[in-house]
Amino acid sequence: MKEILSGNEAIARGAYEAGVKVASGYPGTPSTEILENILQYKKIDASWAPNEKVAMEVGIGASFGGGRAIVTMKHVGVNVAADPLFTFSYTGVGGGFVLIAADDPEMHSSQNEQDSRNYARFAKVPMLEPADSQECKDFTRLAFELSEQFDTPVMLRSCTRISHGKSIVELNEPVSGLPEPRLVKNPSKLVMLPGNARVRHPLVEERMVKLAAFGASAPFNSVEMRDGEIGVITAGISYNYVREVLPNASVLKLGMVNPLPMELVRDFARKVNKLYVVEELDPFIEEQVRAAGIAVTGKEIIPICGELTPGRLRNAFTTAGIVGAGLPRPEQGDETSPLQIEKLPGRPPNMCPGCPHRGVFYTLNQLKAYVTGDIGCYTLGFMPPLNAMDTCICMGASISNASGIVRVLPEDEKKKVVAVIGDSTFLHTGINSLMEMAYNGSPATVIILDNRITAMTGRQDNPASGWTLRDEPAVPVDLVQLCRAVGIRHVQVVDPFDLDETRKVLMEEMNRPEPSVIITNRPCVLVKREGVFEKGLALSVDEDHCSGCKACLRIGCPAIEWQPAPEGKKGKACIDPLLCNGCDVCRQLCKFDAIGRGK
Amino acid sequence: MSNSVTNILLVGVGGQGILLASEILSEAFMLGGFDVKKSEIHGMSQRGGSVASHVRYGKEVFSPIVPEGEGDILFGFEMLETYRSLPLLKKGGTVVANDLRIPPPSVLLGQETYPEDLTGKIEALFPDFTLVDGQKLATEAGNIRAANTVLLGAVSKRLDIPEVCWRQALEKMVPKKALEMNIQAFRMGRDL
Ligand SMILES: Cc1ncc(C[n+]2csc(CCOP(=O)(O)OP(=O)(O)O)c2C)c(N)n1
C-alpha cells in the first residue's frame with residue numbers, strides 16, 4: 001500500500017514495522033510529530049519524558065530489558081542526552097536502540113544549527129541519513145537490525161526538510177518473531193566501572209571498523225554512474241538537490257554517514273574526473289575524504305551556514321564557473337535578473353491574542369527589569385513592542401543565568417534581574433537551576449509562566465499538565481510545593497491577566513534580597529482539552545471614548561489594530577472580535593474607559 | 001530541460017489552513033498517478049508568521065523545495081503574502097489569490113502601512129492572475145471556513161488532474177460531516 005507521509009510519520013511507521021516496544025522523547029521542532037504519530041500504533045509504549053537525557057535513559061533501560069526502543073529529539077536535545085549516549089556506545093544494546101536526531105539547518109525554529117553528524121562520530125556510533133520519507137521508514141527499520149547485529153546504539157539523522165517534507169511511501173508489514181524481552185544479567189558488559197569500560201572501548205573501535213567495511217558493500221550506500229566528469233558525494237536531503245541541479249553528475253549517495261565507507265569513496269573518486277562533496281552545514285564528509293588523501297572540493301564553494309536549496313546549490317556551482325553535468329545554462333533571452341519587489345512590512349511570529357505571557361512581559365518592560373530569558377513561546381517577549389528579554393541561551397538557562405549575573409552586579413542592580421521560564425522548560429532543566437539558586441541564596445526573582453502545556457512545539461503535555469502523551473490522566477507536578485521543596489521560601493501565584501496584581505507582586509519579589517518564585521496561573525489559549533482554557537467575552541473599543549493615545553497597542557496584541565486617521569480626524573484603536581480571546585489586559589491599559597466587553 | 005515537474009507554492013499566514021490545503025493537493029496528485037513531494041515549515045511560523053508550503057508533482061520529483069524562480073502556480077491565501085512571494089514564480093506564472101488582508105504586527109501598531117493596490121501590482125507583473133473572494137463564496141457554500149476549499153477549486157482548474165482524484169482527495173482529508181459543504185465550495189472555485 002502507498003501513502004503520502006511526512007518524514008516524521010514515516011519514521012513512526014518504521015518503528016512500528018520494526019516491532020518497537022518503547023518510544024520516548026522530548027518535544028522539539030522538527031522531531032515532535034514522530035512520537036505523536038507513534039501513538040496510533042497501540043502496541044508501542046510511547047511517552048514524553050521531562051527532558052532528552054531522561055528519554056534516552058528510558059530507552060536504554062528498555063533496550064537492556066531486551067525490547068527495541070526508539071528515542072526522538074531535536075538536534076539540541078542531543079546535547080542534553082549526550083552523557084548517556086557516549087557510555088551507551090560502550091555497553092552496547094540488548095534490544096535494538098535507535099536515537100532520532102532532527103537537525104534544523106537554517107534555524108527555522110532553533111537557537112543554533114549544530115550538525116548532529118559530529119555526535120555520531122564523537123560517540124562512535126553509526127548514523128543513517130534518509131533522503132526522503134520512504135528512506136525514513138526503511139532506514140528506521142534497518143537501523144534496528146544494525147543495532148542488534150553490531151551491538152550498538154544507532155543514530156538516524158533527519159532535518160527539517162525531511163521531517164516536515166512529504167513524499168510517497170510503500171508500507172510493509174511489521175517484523176515478527178523478535179525475542180520476548182526478559183531480564184538477562186550481564187554486569188561486566190553493562191556496569192561501566194573503569195575496569196569494565198577498558199575492556200569495552202577496544203570493542204567499540206573494532207565495531208566501527210567493521211561497520212565501515214560493511215558499509216562499503218551495503219545497498220544503502222550506492223554509486224550512480226552517469227557523466228564521468230563530475231562526481232558528487234552526498235547524503236540525505238542534499239542528494240535531492242544534487243539530482244535536481246546536476247542531473248548528469250555521477251553520485252555516491254551515502255545512506256550511512258558514519259562511519260564512512262572509505263574504500264567505496266576511493267573507488268568512486270577514481271572513476272570521476274573531479275570530485276565534490278555536497279552536504280549541508282559542516283564539512284563532515286569532506287574533511288574525512290580529504291584526510292584520506294583524496295582530492296575533493298566542498299565548502300570552498302558550498303555554503304557552510306544555513307540550509308541548501310536547489311537555487312543555492314546551482315548558484316554555488318555556477319559562481320565557481322563549473323559547467324557540465326546538466327547544470328542548466330541561463331536560457332536565451334532569460335538573462336534578466338530575478339524579480340525584485342520593494343521592501344514590505346515583515347510578518348514575524350507573535351504571541352496569540354489572549355496569551356497569558358503578554359501581560360507579564362508588558363509589566364517587566366514597565367519595571368525596566370533585566371530579563372534572563374528561556375526557550376518557549378515566551379521568547380517572543382523579546383519582540384517589539386514588549387521588548388522585555390535580555391538573554392536566551394538554552395532550555396533551563398534563564399534561572400542559572402540570573403543566579404550567575406547577580407553575583408557580579410552592584411547591589412542596586414541585583415534586584416532588576418528576573419528569570420522567565422515556561423512550565424515545560426522549568427521541568428526540563430530549570431529545576432536544577434532553581435536548586436542552585438536556592439542552595440546558594442542568589443537574590444534574583446524567577447517567574448514560571450505556567451500555561452499548563454508545552455506550547456511552542458505544538459501543545460504537548462508535560463509532567464505539570466496532568467496528562468500523558470496517550471491522553472491519560474497523570475498526577476500533575478505541584479509547582480508551588482516543588483519550589484518550596486528545593487528551598488525557595490517565597491513562592492507566590494499570580495493571575496497574569498490582572499496587571500495591577502502582577503505588578504505589585506513582581507515589585508515585591510524583585511525588591512526582596514532573597515531568591516523568590518512567582519508562578520502565573522492562566523492556561524495557553526491553544527489548549528483544546530475541555531475545562532482548561534475558557535475564552536472570555538470579546539472586547540470592543542468605544543469610538544467616542546477612544547482618545548487615540550495608543551496605550552493599548554503597547555502589548556502588541558494581534559487582535560488590536562491601529563486605524564490611522566482619515567483626513568482631519570484622529571486615529572483610533574479597533575479590536576477584531578473574531579481574534580479577541582477576552583483576556584481583558586488591554587482594557588486595564590485604557591485610561592479613558594474606551595474598551596469594554598461585549599457588543 | 002527536465003521540467004516535467006509542476007511547482008506549486010502555497011503562501012499565507014500561520015493558522016490559515018495552508019497545510020491542509022497542500023495535503024489535499026498532494027493527495028490528488030498521488031491519486032493522479034504522479035510522484036509528489038511537499039515541504040513546509042512548522043514551528044515558529046505557526047504563531048501568526050508567514051507560511052509557505054511547496055508542492056511538486058511530476059514523473060519523478062527530487063527536491064521537495066521549489067527551485068527559486070521556477071514556481072508555476074502561486075496559490076496565495078492572503079494578499080501581502082501573495083505579493084511578497086512573487087519572486088518565487090517563473091516568468092509568466094499563474095497567480096490565484098484570496099482577496100483577504102491580514103495586517104502584520106507593524107501595521108497593527110501603526111508603524112507601517114499595509115501596501116495599497118496589491119491587486120493592480122500583482123496583475124501588472126503576472127497577467128495570469130485570478131482574484132477570488134474566498135470568504136464570500138464560502139459563506140454562500142454554507143461556511144466561511146471553507147474559503148480554502150473554494151481557492152483549491154480555483155487552482156484545480158489549472159492543473160491536469162481528473163476531477164475524480166480531487167473528489168477522492170477531499171473525501172480522504174475532510175471530516176465526513178463537512179464533506180458535502182466542502183465539495184460544493186470546491187465546485188464554486190472550479191467553476192469560476
Ligand atoms: C534541549 C531542547 N529541547 C527541546 C527544545 C524545543 N523547545 C523549544 S521551547 C520548548 C518548550 C516550551 O514549553 P514551555 O517552557 O512550557 O513554554 P511555552 O512555549 O508553553 O510558553 C521546547 C520543547 C529546545 N529548544 N531545546
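Every number here is computed from the coordinates shown, using simple stated rules; none is lab data. A quick note: this is a predicted structure, and the numbers were derived from the prediction, not measured. Quick reminder, even Gly has a Cβ in these numbers, built from the backbone with ideal geometry, and neighbours come from all protein chains shown.
Shown for B:Val55, A:Val493, A:Val93: other C-beta atoms within 10 Å of each C-beta, ranked fewest to most, produce the order A:Val493, A:Val93, B:Val55. A viscosity of 1.002 mPa s and a temperature of 20 °C, combined with the Kirkwood radius over Cα pairs in Stokes-Einstein, give a translational diffusion coefficient for region A:2-217 of 126 µm²/s.
Placing a pseudo-label 7 Å from each Cα along the Cα-to-Cβ vector at A:Lys43 and A:Arg407 gives an inter-label distance of 5.3 nm.
Relative contact order of region A:222-333, taken over Cα pairs closer than 8 Å and 6 or more residues apart, is 31 percent.
Taking 0.36 nm per residue of separation and subtracting the Cα-Cα distance, full extension of the segment from A:Asp495 to A:Asn118 would add 131.2 nm. Listed by chain and number, the lysines whose alpha-carbon sits under 23 Å from that of A:Lys53, ignoring those within fewer than 8 places in the same chain, are A:Lys21, A:Lys74, A:Lys124, A:Lys189.
Neighbour counts of C-beta atoms inside 10 Å place A:Lys343, A:Lys274 in the sequence A:Lys343, A:Lys274, starting with the fewest. Taking a point 7 Å out from the Cα of A:Asp151 in the direction of its Cβ, the residues of region A:69-89 whose backbone N falls within less than 13 Å of it are A:89. Our analysis of chain A gives Rg over Rh at 1.02, with the two radii drawn from alpha carbon positions and Rh computed by the Kirkwood formula.
Over all pairs of different C-alpha atoms, region A:358-520 has a mean inverse distance whose reciprocal, the Kirkwood radius, equals 15.5 Å.
Extents of region A:540-596, taken as max minus min of Cα coordinates on every principal axis and listed largest first, are 33, 21, 18 Å. Distance between the C-alpha centres of region A:1-26 and region A:505-529: 39 Å, rounded to the whole angstrom. Tell me, what is the FRET efficiency for B:Leu192 and B:Lys59 to the nearest 0.05, using R0 = 41 angstrom and their Cβ-Cβ distance as r? For R0 = 41 Å, the calculated efficiency reads 0.90. If r is the Cβ-Cβ distance from B:Ala124 to A:Leu193 and R0 is 60 Å, what FRET efficiency results, to the nearest 0.05? The calculated FRET efficiency here is 0.20. Alpha-carbon geometry of region B:1-151: the Rg and the Dmax are 15.5, 49 Å, given in that order.
State whether region A:430-573 is rounded, prolate or oblate according to the following rule on the C-alpha gyration tensor (a ≥ b ≥ c being the square roots of its eigenvalues): a/c under 1.5 gives rounded; otherwise a/b larger than b/c gives prolate, and the remaining case gives oblate. Oblate, because a/c is 1.5 or more while a/b does not exceed b/c. Of the residues B:Ser26, B:Ser85, B:Ser106, the one that moves most in a GNM of chain B with alpha-carbon contacts below 10 Å is B:Ser106. With neighbour counts taken as other beta-carbon atoms within 10 Å, the residues A:Arg358, A:Arg522, B:Arg101 rank, fewest first, as B:Arg101, A:Arg522, A:Arg358. Checking the a/c ratio against 1.5 first, then a/b against b/c, what shape does the Cα gyration tensor give for region A:484-536? Oblate, because a/c is 1.5 or more while a/b does not exceed b/c. A straight Cα-to-Cα reach below 16 Å connects B:Lys121 with the aspartates and glutamates A:Glu342, B:Glu78, B:Glu81, B:Asp99, residues fewer than 8 places away in its own chain not being considered. Helical runs (DSSP H, four residues minimum) scored at -39500 (n - 2.57) apiece and divided by the length of chain A put the mean residue ellipticity at 222 nm at -9500 deg cm²/dmol.
Taking 15 Å as the cut-off, the amide N atoms of region A:120-151 that come nearer than this to a point 7 Å along the Cα-to-beta-carbon line of A:Lys210 belong to A:125-126, A:145-151. Entry note, chain B: relative contact order of 20 percent, from Cα contacts under 8 Å with a spacing of 6+ residues. For region A:486-576, the list of GluC sites (Glu not before Pro) that fall in a loop by DSSP and count at most 12 other C-beta atoms within 10 angstrom reads A:Glu530, A:Glu534, A:Glu543, A:Glu567. Cross-link partners for A:Lys414 among the aspartates and glutamates, with Cα-Cα distance under 15 Å and sequence neighbours closer than 8 places in the same chain left out: A:Asp390, A:Glu508, A:Glu509, A:Glu514. Along chain B, the longest continuous region that contains none of the GluC sites (Glu not before Pro) in a DSSP loop with at most 13 other C-beta atoms within 10 Å is B:117-192. Each Cα pair under 8 Å and six or more residues apart adds its sequence gap; the mean of these over the residue count of chain A is a relative contact order of 10 percent. The label-point distance for A:Asn273 and A:Asp227, in a model that sets each label 7 Å from Cα toward Cβ, rounds to 0.9 nm. The gain in end-to-end length when the A:Val475 to A:Leu367 segment is fully stretched comes to 35.3 nm, 0.36 nm per residue minus the alpha carbon separation.
With the simple spin-label model, which puts each label point 7 Å out from Cα in the Cβ direction, the A:Asp282 to A:Asp83 separation comes to 2.2 nm. Our estimate of slack between A:Lys343 and A:Glu263, defined as 0.36 nm per intervening residue step minus the Cα-Cα distance, is 23.7 nm.
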